[in-house]
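**Student:** Pasting in a structure now, in structure tokens, and then I'll have a few things to ask.
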């Protein structure tokens, strides 16, 4: 994870990866991540995560990247 | 001929004392009481039947909250065809029985008995604190006693000393008539068995524990003995000091989620005592030390009753009039909105406030602020309950009423300590356990329920903190692989696709008790035995607390419990269910009232166009369709500069939320922090506006308890701040350009009912008529719904959800080898803002760290030593207590005192679905310390 991230960005990354690791149905994890984010995340948080995904892609797991494409 | 009076509960005045408990038989018998026929359930005592027709038989040892005892010999009656004069309290009614309660023979016998009592009783009625409120005095009058032949010169007990050790009541043995009501209340009602009758014959006396002072005994100061005492032997000190009350107001306790009903008894505007309401649906006449006695904080000198403002947190507070404070706050919030946008501000509602107060705050945030940035303190306690139960059952609520436990065959208590945190329900559980129900406790600690008088948990699974989901998966694995699934229930009530997926998952060998034993620390055979007990006992009920929710997998664990209940058919009837024990008095209500940033009132998502249009129409404003920020996201945004103003209603996030330094930094970064509270709490140190709040004794509204019971909170005294909290909120909203012109709290509830299908039938009028109702309360259920999901789940079919165990990131390491978990103690409540300002500090003056003997010895620690507790988040100090209630490798503390700084060391880990903090798992190291932090 990039050391350039501020607290908020690090938290968003942690939240996103944690959702990816915990969503119950493991068959379509990206779909569940994007559904969860639509339901509970503000548009600003979603936008910030997209930006993080673009700037520091290694900080997020593959499922989160896929989920962001569905958002 | 007289008409037979049928037993009809609705016609009986249950507020009076009918002498013995009611019978539950469906078989009715008809008896004659002094010639008056009455029909009662078989098993009803003669005393109770007589009271029901207004023939009150004199009594002293009998009261209808306790089983009949038959010791005082005052309630004698004559029964035609039977010899002697049996005690009416212990004599059941039989068909055709003809009873006489008033005869010359009985008069003579009763006078003789009373004469003996009075001959050994101080004749100080005029100066006695119970004068006018004494059953002995009343009975002397009732039997017509006019003189005592024996004088006072003989042997007596009048020189016995008075025990004043308890801060709230005295024990004056000289006034005791040894009726054993206190002893029986302590055992039957409270279940503590702290009192006994020591000695024999004339030497008999009530004794706390082994003739110890009350304060040093096992007494938990619930007040049941004081309530039961018919004389001034056990007497509230407040009554001794202030006198007998002159007026009464029924209201609801503001401590835990049990939500006990009380009668506040006053002289003028001063509370003399709080008496638990026998007709209270949640508590049925019982109480705990907090609700019964710890209400003095409302008058504490630390109360701030005047609004205050300051330009900067460096400045001194400036007391101002309400209008100036409101204008100051509105200007600041409006300025932030204008400069940084509507999403730069938000609000937090409080579970200590009424439904009506919470409703107007979230409405102000959505309608006046123009954002969905509203959250509630349930974020840090039961938000995973909301998520997990909605996914599986369809709504965020416990499934049962409290009374349901009386029909439970096996209780599974997970991550909860009811006798400390929900003591009145804990007593109810104990009654059922003493009557034979089995008990499974899943908790790292050996909580009180594991072994206490006449109770022993057949199954205690002392799991390692953080492994809840693994344990529940293993239990479900046993159920699924040993043929214990209730196939018929699942087929009829549940979604079969999700069930099949769950069944395939749970049967995997990796979920077996044997595979998980090393992770959980629970022996596989013990776990298998517990699983079989739950699945096969008949009615299995799950009760859980924050030891479930405050984990990185809190939501997963809630769903795992729901899966287990559905798989075993333990849902939808009396005696079963999945039941969150809510932490604060109105957690359920605050969640119901639309406090979450993604939901309107009644748990309906803000993106639902139909719902949003309904709210827009009534509120007269366009509403946002995107979720707002949760508390941790608001704090994060504050640090990055995009969130700059917050309204905090009755919550002390600087003490209660995790990672204290992070919270402090975020609050410091804001331009406008508005705190509405009783006291200048820790959060107020960072505030620019302080709006004085009202105590529960001043509020008018409703609380909703853990069983969805909506109870009235009535103003016992006038507001010390000059206005209601909802009025202050409405004034601020108006200052921000959105008036909310309510005339009363009742009017707010009417609007809630109009907008919320599950509250559609609720009104103050209904609550005043029925006492309380459990939602859903609407046309389909006009008097409420004690048991949910009876014929169908709220979501239709029950949804199984696979629950893979994902270990928390927080693990013990060589540097931090112990796992810290936290909880509450009986005498204190959450961050202690209320209870620390009462005499309850006598029981818990400071937080201490419980540590296992082996861990203490390895660090050279003795009981009472100061220790430093260090985690990767921070460090603090407190005293250590060697305890065998916790396993080696685990330490435990409470968080009631701000100086302890417990949340300085808790981490920023949180539940994956809801961000509920992981308070229950923090890796720490303990070292000897020289003393307390300066």
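The values are calculated or read from the model by the stated rules, or taken from the named source; none is laboratory data. These numbers come from a predicted model, not from an experiment. Every residue, glycine as well, gets a Cβ built from its backbone with ideal geometry; the counts of neighbours run over all protein chains shown.
**Student:** Working carefully through the options B:518, B:510, B:525, B:514, find the one that is in a helix (DSSP H, G or I) and within 14 Å of another protein chain (Cβ to nearest Cβ). Break it down stepwise before answering.
**Tutor:** Working: B:518 fails: within 14 Å of another protein chain (Cβ to nearest Cβ); B:525 fails: within 14 Å of another protein chain (Cβ to nearest Cβ); B:514 fails: within 14 Å of another protein chain (Cβ to nearest Cβ).
Matching residue, one of B:518, B:510, B:525, B:514: B:510.
**Student:** Among (1) at pLDDT below 95; (2) at positive phi, which single condition is residue B:378 missing?
**Tutor:** All conditions pass for residue B:378, except number (2).
**Student:** I've got another one for you. How many residues are in contact with a strand residue (DSSP E or B) (Cβ under 7 Å, 6 or more places away or on another chain) and either crowded, with 24+ Cβ neighbours inside 10 Å or not in a loop (DSSP other than H, G, I, E, B) (or both) if we restrict to segment B:682-693?
**Tutor:** Of the residues in segment B:682-693, 8 are in contact with a strand residue (DSSP E or B) (Cβ under 7 Å, 6 or more places away or on another chain) and either crowded, with 24+ Cβ neighbours inside 10 Å or not in a loop (DSSP other than H, G, I, E, B) (or both).
**Student:** Go through segment B:894-915 residue by residue and tally those that are within 26 Å of residue A:18 (Cβ to Cβ) and either assigned to a loop (DSSP other than H, G, I, E, B) or away from chain A (no Cβ under 14 Å) (or both).
**Tutor:** So in segment B:894-915, the residues within 26 Å of residue A:18 (Cβ to Cβ) come out as B:895, B:902-915.
Subsequent filtering for residues that are either assigned to a loop (DSSP other than H, G, I, E, B) or away from chain A (no Cβ under 14 Å) (or both) retains B:895, B:902-909, B:911-915.
Of the residues in segment B:894-915, 14 are within 26 Å of residue A:18 (Cβ to Cβ) and either assigned to a loop (DSSP other than H, G, I, E, B) or away from chain A (no Cβ under 14 Å) (or both).
**Student:** Residue B:607 is checked against (1) within 14 Å of chain A (Cβ to nearest Cβ); (2) surrounded by 23 or more Cβ atoms within 10 Å (Cβ to Cβ); (3) free of Cβ contacts under 8 Å to residues at least 60 places away in the same chain and fails just one. What number does that condition carry?
**Tutor:** Looking at each condition in turn, residue B:607 falls short on (2).
**Student:** Is at least one residue of segment B:618-633 in a helix (DSSP H, G or I), facing another protein chain (nearest Cβ under 10 Å) and either crowded, with 22+ Cβ neighbours inside 10 Å or on the phi > 0 side of the Ramachandran plot (or both)?
**Tutor:** Looking for residues that are in a helix (DSSP H, G or I), facing another protein chain (nearest Cβ under 10 Å) and either crowded, with 22+ Cβ neighbours inside 10 Å or on the phi > 0 side of the Ramachandran plot (or both), one finds at least one in segment B:618-633, hence yes.
**Student:** Next question. Among the residues of segment A:39-71, count how many are more than 11 Å from the chain's Cα centre (by Cα) and surrounded by fewer than 18 Cβ atoms within 10 Å (Cβ to Cβ).
**Tutor:** Final tally of qualifying residues: 8.
**Student:** Go through (1) crowded, with 19+ Cβ neighbours inside 10 Å; (2) closer than 19 Å to residue B:169 by Cα; (3) modelled with pLDDT of 95 or more one by one and return the number of the condition residue B:240 breaks.
**Tutor:** Going through (1) crowded, with 19+ Cβ neighbours inside 10 Å; (2) closer than 19 Å to residue B:169 by Cα; (3) modelled with pLDDT of 95 or more one by one, residue B:240 breaks only (1).
**Student:** Could you check segment A:39-60 and list, in sequence order, the residues that are out of contact with any strand residue (DSSP E or B) (no Cβ under 8 Å at 6 or more places or on another chain), under 20 Å from residue B:911 (Cβ atoms) and within 8 Å of chain B (Cβ to nearest Cβ)?
**Tutor:** A:40, A:41, A:42, A:45
**Student:** Another question, if that's okay. Exactly one of (1) surrounded by fewer than 24 Cβ atoms within 10 Å (Cβ to Cβ); (2) under 31 Å from the mean Cα position of the chain (by Cα) is unmet by residue B:563. Its number?
**Tutor:** All conditions are met except number (1).
To keep it simple, each residue is scored yes or no on (1) in the same structural domain as residue B:635 (by TED's automatic domain parsing); (2) in contact with a helix residue (DSSP H, G or I) (Cβ under 9 Å, 6 or more places away or on another chain).
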site	(1), (2)
B:286	no, yes
B:292	no, yes
B:315	yes, no
B:329	yes, yes
B:335	yes, no
B:357	yes, yes
B:364	yes, yes
B:370	yes, yes
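**Student:** Now, a different point. Out of B:469, B:490, I need the residue that is closer than 14 Å to residue B:562 by Cα, out of contact with any strand residue (DSSP E or B) (no Cβ under 9 Å at 6 or more places or on another chain) and in the same structural domain as residue B:522 (by TED's automatic domain parsing). Which one?
**Tutor:** Exactly one of B:469, B:490 is closer than 14 Å to residue B:562 by Cα, out of contact with any strand residue (DSSP E or B) (no Cβ under 9 Å at 6 or more places or on another chain) and in the same structural domain as residue B:522 (by TED's automatic domain parsing), namely B:469.
**Student:** Please work out if residue B:696 is assigned by TED's automatic domain parsing to the domain that holds residue B:739 and either surrounded by fewer than 24 Cβ atoms within 10 Å (Cβ to Cβ) or in a strand (DSSP E or B) (or both).
**Tutor:** It is false that residue B:696 is assigned by TED's automatic domain parsing to the domain that holds residue B:739 and either surrounded by fewer than 24 Cβ atoms within 10 Å (Cβ to Cβ) or in a strand (DSSP E or B) (or both).
**Student:** Look at residue B:565 and say whether it is out of contact with any helix residue (DSSP H, G or I) (no Cβ under 8 Å at 6 or more places or on another chain) and more than 14 Å from chain A (Cβ to nearest Cβ).
**Tutor:** Considered against the rule, which asks whether it is out of contact with any helix residue (DSSP H, G or I) (no Cβ under 8 Å at 6 or more places or on another chain) and more than 14 Å from chain A (Cβ to nearest Cβ), residue B:565 comes out as yes.
**Student:** Here's another thing I want to ask about it. Looking at (1) closer than 21 Å to residue B:821 by Cα; (2) without any contact (Cβ under 8 Å) to a residue 40 or more places away in the chain, find the lone condition where residue B:510 falls short.
**Tutor:** Status for residue B:510: all satisfied but (1).
**Student:** Can I ask one more? What's the number of the condition residue B:747 fails, among (1) over 26 Å from the mean Cα position of the chain (by Cα); (2) within 30 Å of residue B:728 (Cα to Cα); (3) in a loop (DSSP other than H, G, I, E, B)?
**Tutor:** (3)
**Student:** Any idea which of (1) within 13 Å of chain B (Cβ to nearest Cβ); (2) touching a helix residue (DSSP H, G or I) at 6+ places or on another chain (Cβ under 7 Å) is the one residue A:28 doesn't satisfy?
**Tutor:** With (1) within 13 Å of chain B (Cβ to nearest Cβ); (2) touching a helix residue (DSSP H, G or I) at 6+ places or on another chain (Cβ under 7 Å) applied to residue A:28, the lone miss is (2).
**Student:** Give B:722, B:761 a once-over and let me know the one that is at positive phi and assigned to a loop (DSSP other than H, G, I, E, B).
**Tutor:** Criteria check complete, one pass: B:722.
**Student:** Pick out, from segment B:766-859, the strands (runs of 3 or more DSSP E) lying fully within it that include 2 or more residues that are more than 14 Å from chain A (Cβ to nearest Cβ), buried (at least 21 other Cβ atoms within 10 Å of the Cβ) and at pLDDT below 95.
**Tutor:** Filter on segment B:766-859 gives B:818-823.
**Student:** Looking only at segment A:2-18, filter to residues that are in a helix (DSSP H, G or I) and free of Cβ contacts under 8 Å to residues at least 24 places away in the same chain; which one of those is surrounded by the fewest Cβ atoms within 10 Å (Cβ to Cβ)? Explain how you work it out, then say what you get.
**Tutor:** First, the residues of segment A:2-18 that are in a helix (DSSP H, G or I): A:7-18.
Narrowing further to those that are free of Cβ contacts under 8 Å to residues at least 24 places away in the same chain: A:7, A:10-11, A:14-15, A:18.
Numbers: A:7: 15, A:10: 17, A:11: 21, A:14: 17, A:15: 25, A:18: 22.
Among those residues, the one meeting the criterion is A:7.
**Student:** May I ask you to verify whether residue B:651 is within 25 Å of the chain's Cα centre (by Cα) and either at positive phi or surrounded by fewer than 24 Cβ atoms within 10 Å (Cβ to Cβ) (or both)?
**Tutor:** So residue B:651 fails the test.
**Student:** Still on this structure, please answer the following. For segment B:528-560, name all the residues that are more than 14 Å from chain A (Cβ to nearest Cβ), part of a helix (DSSP H, G or I) and under 21 Å from the mean Cα position of the chain (by Cα).
**Tutor:** So the first thing to find is which residues in segment B:528-560 are more than 14 Å from chain A (Cβ to nearest Cβ), and the list is B:528-550.
Narrowing the set further to residues that are part of a helix (DSSP H, G or I) leaves B:528-536, B:546-549.
B:546, B:547, B:548, B:549, listed by residue number.
**Student:** Further question on the same structure: Of everything in segment B:43-69 that's surrounded by fewer than 18 Cβ atoms within 10 Å (Cβ to Cβ) and at pLDDT 95 or above, which residue is nearest to residue B:279 (Cα to Cα)?
**Tutor:** Residue satisfying both the conditions and the ranking: B:67.
**Student:** Quick check on segment B:350-371. Is at least one of its residues part of a strand (DSSP E or B) and more than 30 Å from residue B:838 (Cβ to Cβ)? Before the answer, list the steps.
**Tutor:** Going residue by residue through segment B:350-371, those that are part of a strand (DSSP E or B) are none.
Scanning segment B:350-371, I find no residue that is part of a strand (DSSP E or B) and more than 30 Å from residue B:838 (Cβ to Cβ), so the answer is no.
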